[in-house]
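Inspection log for the structure reproduced underneath, given as structure tokens.
The values are calculated or read from the model by the stated rules, or taken from the named source; none is laboratory data. What you see is a predicted model, and the numbers here were worked out from it, not measured in a lab. Neighbour counts are summed over all protein chains in view; Cβ atoms, including those assigned to glycine, are modelled from backbone coordinates with ideal geometry. Areas reflect the complete protein model, heavy atoms only, side chains present, ligands, DNA and RNA absent. Shrake-Rupley method; radii C 1.70, N 1.55, O 1.52, S 1.80 Å.
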Amino acid sequence: MPLLLLLIALFALKACEGTSFEGYKVYHVTPNTLEQAKILNAYHYEEKFDFWEESHLLGDPSDIMVAPEDRPAFERNLTRNLFDYSIVIDNVERLIQQEKIERSMTRTMLAPGQVTFSSFMRHSEHMAYLRRLAADYPNIATVEKIGESYEGRDILMLKISSGPSETSTPKPGILIDAGIHCREWIAPPVALYIIQQLVQNSANAHMYANVDWYIVPNLNPDGYEFTQSNNRLWRKNRRLTEGAQCIGTDLNRNFGYYWMHAGASQDSCSEIYAGPEAFSEPESQAIRDWVLANGENLQLYLSFHSYGEMMLYPWGYAPELPENHEDLHYVGQLAATAIDQASTINSQYRVNSSAILLYEAAGGSDDWVKAEGKVDLSYCVELPDGDAPFFFMIPARQILPAVRETFEGVKAFHAYIEENFWTNQDVEVDDANPEIH
């Protein structure tokens, strides 16, 4: 890197320093007995231990970030109880600084309303892009404000549609959101790429001819901006609930189906704090209110997260399966196979229920949308991390490969929805539009 560019990058980093993770380490810990699993699970509810990946089977490792002051006691406990463990990241802050340098060097200067997949955009740029599309493509794109974050940022949805159904059969709808966990930066670009390909690529016009799309590219804008400016690893929203000691609620523990049943905490300082009550947060309320008011014809829900290359379906609150679990698995596998075949970054997706493949976590959006929103096909999609040395930090150079392969999975989802909820329905032709069939 030329010296002048490096000095500019370092100056930019100094100007926007935030929370430091100097001395934080990430441990790769494997429970091999039930007693070890019980010991490890107890850490999940302690505020100072951040589980990036959680074991759900004996012999399956967890990845846990631990603060410097907690490391000695943590290592003693692991050694005393004969855990197999290793340190996979020796200093988290060093990797964060490396990512900041890369971001400063790859940052794309955007004209208002433009989109890029070569660097990570800010929330205001996400929203400007949606508004421009609605202005430039009014026949197919409509922007709607479905809510406002705690700090007053707009939560916008873009509807993409060829217009109302001209038959007695309503068009099926697909609802997509991204960024509910704000440190998972790859999720909003995936949603934006889907939008771009639907609206601006005429080759994909058939995908909104008979199916309506509703896409929210950034559901946690306050948290997202906080990760950009202060704490790269922030996960929750930014509201301090009444009586709480710490800021933020895990929005994906705040939905009202089996709220606080498992895998959630009532400690406001925990990364998995579920809030004082279900739907206490304006961001989760925005999705709830929109689904209840507009979700009658929704047939598919996708919530994008990272990381892990997993296609997860309900239930998350317990290792139980819904009645249509065979359909959920089949359709999820269609999408997973399409992604794997298109991948240039070696993605290999697994498909199963959230509680079985990942971990028990009640209060998730996918559980609620299926149970209370009555959307039979509901998924949490854990996106790839590419060759990131740090699990949430997929490099900017891999944004485009990640979004492209994911769109192939979205195509597979669309094909199934169109075939099963439009093409194969008993569509009655409108006398005034006999060409519709």
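Details
- Highest mobility in the GNM of the chain, judged by mean-square fluctuation with C-alpha springs under 10 Å and restricted to ASP289, ASP385, ASP367, is found for ASP289.
- Within the straight-line cut-off of under 18 Å between alpha carbons, the lysines reachable from LYS171 are LYS159, LYS374, LYS411, sequence neighbours fewer than 8 places apart in one chain being disregarded.
- For the stretch 114-422, averaging the sequence separation of C-alpha pairs within contact (under 8 Å, six or more residues apart) and dividing by the residue count gives a relative contact order of 21 percent.
- Between the amide H of ARG183 and any residue lying 5 or more places away or on another chain, no distance stays under 5 Å, with hydrogens modeled in the peptide plane.
- Positive-end extreme of charge dipole, the stretch 287-435 - chosen from ASN424, ALA388, ILE345 (charges on Cβ): ALA388
- Listed values for the stretch 210-217 are Karplus-derived 3J(HN,Hα) couplings in whole Hz (6.51 cos²θ - 1.76 cosθ + 1.60, θ = phi - 60°), namely 10, 10, 9, 10, 10, 10, 10, x, and x replaces Gly and Pro.
- Zone of ASN77's modelled label, taken as backbone nitrogen in the stretch 251-276 under 14 Å from a point 7 Å along Cα→Cβ: none
- Its Cα centre serving as origin, the stretch 114-422 has a Cβ charge dipole (Lys and Arg +1, Asp and Glu -1) of approximately 820 debye.
- Förster radius 25 Å - calculated FRET efficiency between ASN294 and THR337 (Cβ-Cβ, nearest 0.05): 0.20
- Cα-projected label distance for ASP136 with GLU277, points at 7 Å along beta-carbon direction, nm: 4.5
- Anchor LYS48: aspartates and glutamates whose Cα lies under 18 Å away (excluding residues fewer than 8 positions away in-chain): GLU22, ASP63, GLU69, ASP70, GLU75, ASP90, GLU93, ASP250, ASP267, GLU271
- Calculated accessible area for the stretch 147-198 comes out at 24 Å² per residue, all protein chains present (probe 1.4 Å; ligands, DNA, RNA ignored).
- For ARG350, the amide hydrogen comes within under 5 Å of the amide hydrogens of MET310, MET311, counting only partners 5 or more places away or on other chains and with H modelled in the peptide plane.
- The string of couplings for the stretch 175-181 from the Karplus curve (6.51, -1.76, 1.60, θ = phi - 60°) is 9, 10, 9, 8, x, 4, 9 Hz, one whole number per residue in order, with x for Gly and Pro.
- For the chain, a Gaussian network of Cα nodes joined below 10 Å ranks HIS261, HIS126, HIS181 by mean-square fluctuation, and the top entry is HIS261.
- Atom-type composition of the exposed protein surface of the stretch 114-422 places 43 percent of the accessible area on carbon and sulfur (1.4 angstrom probe).
- A simple spin-label model places the labels of ARG122 and GLU46 3.9 nm from each other, with each point 7 Å out along Cα-to-Cβ.
- Choice from LEU95, LEU34, LEU357 showing the highest fluctuation, given a GNM over the chain with Cα pairs closer than 10 Å: LEU34
- A cut-off of 5 Å between modelled amide H atoms, ignoring neighbours fewer than 5 places along the same chain, links GLY147 with ILE155.
- Near-label residues of the stretch 25-47 by backbone N, under 16 Å of a point 7 Å along Cα→Cβ of LEU58: 30-41
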